Amino acid sequence: MSHHLVEAKDLTYVYPDGTKALQGVNFRITHGEAVGIVGANGAGKSTLVMQLTGNFLPVSGTVRVGDYPLTPKTIPQIRRNVGMIFQNPDDQLFMPTVYDDVAFGPLNQGLPLEEVEQKVTEALQRVGAYHLKDRPPYKLSGGEKRTVALATVLAMSPDILVMDEPSSALDPRARRNLIQLLAGFRHTKIIASHDLDLILDLCERTIVLSGGQVIADGPTIEIFNNEKLLAQGHLEKPLVLQGCPVCSRK
């Protein structure tokens, strides 16, 4: 299933002010993998995921998604396969109602109205937000916005789901609901996050970035138990792996 492939070779990106965000990044993600991308602030996580949907284009090196190398000409084809959930859901919710937002993608795919309605209904029901369909997005809570943003992506039936800090600003219950929803997505998932406990719950594999470079790529549990590696990336163990601080003092 080559349409699920995501590959970077010697990927470099430099911002207009000269900041080197990515330097020679290499990885290959295949069908069905759930991969976390972690690192401290400024490590290059958001820049990397923005490359995967063509929001940024490489300065040098290549990105390949499915059958297409990333170029200005192939961005439309790539975006048919890749669904992106932005760090701030307000960046992708802009229509008068929730229904209109979820319908926007399928309509732009040229689908018949009956099929669009079916996809919208299924996506909203899948994330438990059908009751919000007539609400203006700006009146939703942070957790509701995040859920609706996920529905806008699911309505387009992506092969690959890319997320930038999906649990940001969520309360514990909304975060738990999000994890359950993402666990049910059976295709390829790529999640960039500071929330290492979420990565541990959802991703079998983790890529660690530091200074725009890959310093580790392997099984999540092995990486999160490697304290020396985590310190190199300015990270700490997920809370669930740290143990009870009271018991450790005893």
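Spin-label pair Ser157-Asp67: with each label point 7 Å from Cα along the Cα-Cβ axis, the two points sit 1.6 nm from one another. In terms of its C-alpha gyration tensor, segment 146-191 comes out prolate, because a/c is 1.5 or above and the ratio a/b outweighs b/c.
Fewest Cβ neighbours within 10 Å first, please rank Ser141, Ser193 accordingly. Ranked by crowding around the Cβ, least crowded first: Ser141, Ser193. For Leu5, the residues whose amide H sits under 5 Å from its own are Gly66, ignoring neighbours fewer than 5 places away on the same chain, with H placed 1.01 Å from N.
For the pair Tyr15 and Arg186 in one chain, pulling the backbone fully straight at 0.36 nm per residue adds 58.1 nm over the alpha carbon distance.
Put in order of Cβ neighbour count within 10 Å, fewest first, the listed residues Asp10, Asp159 become Asp10, Asp159. Legend: P(r) of segment 82-214 from all alpha carbon pair distances, 5 Å bins from 0, whole percents, reading 2, 11, 21, 23, 20, 12, 7, 4, 1, 0. Among Asp100, Asp17, Asp90, the largest mean-square fluctuation in a Gaussian network model of the chain, built with springs joining Cα atoms closer than 10 Å, belongs to Asp17. Using a Gaussian network for the chain with springs between C-alpha atoms less than 10 Å apart, which of these wobbles most: Tyr138, Tyr68, Tyr15? Result: Tyr15 has the largest fluctuation of those listed. Taking the convex hull of the alpha carbon positions in the chain and averaging its projected area over all directions gives 14.6 nm². Each residue of segment 176-189 was assigned a 3J(HN,Hα) from its phi angle through the Karplus expression (A = 6.51, B = -1.76, C = 1.60, θ = phi - 60°), giving 5, 5, 4, 4, 5, 5, 5, 5, x, 7, 8, 8, 6, 10 Hz with x at Gly and Pro. Considering only Gly83, Gly44, Gly128, give the residue with the highest GNM mean-square fluctuation for the chain, with springs between Cα atoms whenever their separation is below 10 Å. Result: Gly128 has the largest fluctuation of those listed. For the chain, the number of Lys pairs with C-alpha atoms closer than 23 Å, counting only pairs eight or more positions apart or on separate chains, is 17.
Does segment 122-175 come out rounded, prolate or oblate by the C-alpha gyration tensor, with a ≥ b ≥ c the root eigenvalues, rounded set by a/c under 1.5 and, if not, prolate when a/b is larger than b/c and oblate if not? Oblate.
Approximating the spin labels as points 7 Å out from Cα along Cα→Cβ, the Lys228-to-Gln242 distance works out to 2.3 nm.
Look at the alpha carbon pairs under 8 Å that are at least 6 residues apart: their mean separation over the length of the chain gives a relative contact order of 25 percent. Computed on segment 2-59, with alpha-carbon pairs under 8 angstrom and 6+ residues apart, the relative contact order is 34 percent. Would you work out if segment 1-125 is rounded, prolate or oblate? Take a ≥ b ≥ c from the square roots of the eigenvalues of the alpha-carbon gyration tensor; rounded if a/c is under 1.5, else prolate when a/b is larger than b/c, oblate otherwise. Prolate shape, in that a/c is at least 1.5 and a/b is the bigger ratio. The charge dipole of segment 132-250, taken about the Cα centre with unit charges on the Cβ atoms of Lys, Arg (+1) and Asp, Glu (-1), comes to about 440 debye, rounded to the nearest 20. The antiparallel fraction among DSSP beta bridges confined to segment 2-249 stands at about 55%.
Every number here is computed from the coordinates shown, using simple stated rules; none is lab data. Remember, predicted model here, so these are calculated numbers, not experimental data. Ideal geometry is used to build each Cβ from the backbone, glycine not excepted, and the neighbour counts take in all protein chains shown.
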